[in-house]
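The values are calculated or read from the model by the stated rules, or taken from the named source; none is laboratory data. Everything quoted here is computed from the prediction, not taken from an experiment. Using ideal geometry, Cβ is built from the backbone for each residue, glycine included, and neighbour counts are taken over all protein chains shown.
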């Protein structure tokens, strides 16, 4: 009975850590790429060519951020799936005891 309880605790711990790290990333990264509050006024001072460049850079930054978030989400899903498979294998091993 103790071994089953230990296996269950071992299986829940990684899931709790994953959930905690996801929440911590959201807190730590909040506001990293926000534009300054007076961004509109700053854009007015730029020449049309500079505005076009600034908008292009902003779009590229947003695209890179979205690609990064997608990659992180895919890695987390893959990791969680593999962890669950290994936890199921452990449970299968301990079932007979």
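Only a single criterion out of (1) at pLDDT 60 or above; (2) under 14 Å from the mean Cα position of the chain (by Cα) is not satisfied by residue 52, namely (2). Residue under question is residue 58, and the condition is that it be modelled with pLDDT of 95 or more and either out of contact with any strand residue (DSSP E or B) (no Cβ under 7 Å at 6 or more places or on another chain) or part of a helix (DSSP H, G or I) (or both); does it hold? No. Taking the condition closer than 30 Å to residue 43 by Cβ and without any contact (Cβ under 8 Å) to a residue 12 or more places away in the chain, does residue 57 pass? Answer is yes for this residue.
Answer yes if at least one residue in region 58-71 is surrounded by 10 or more Cβ atoms within 10 Å (Cβ to Cβ) and touching a helix residue (DSSP H, G or I) at 6+ places or on another chain (Cβ under 7 Å), and no otherwise. No.
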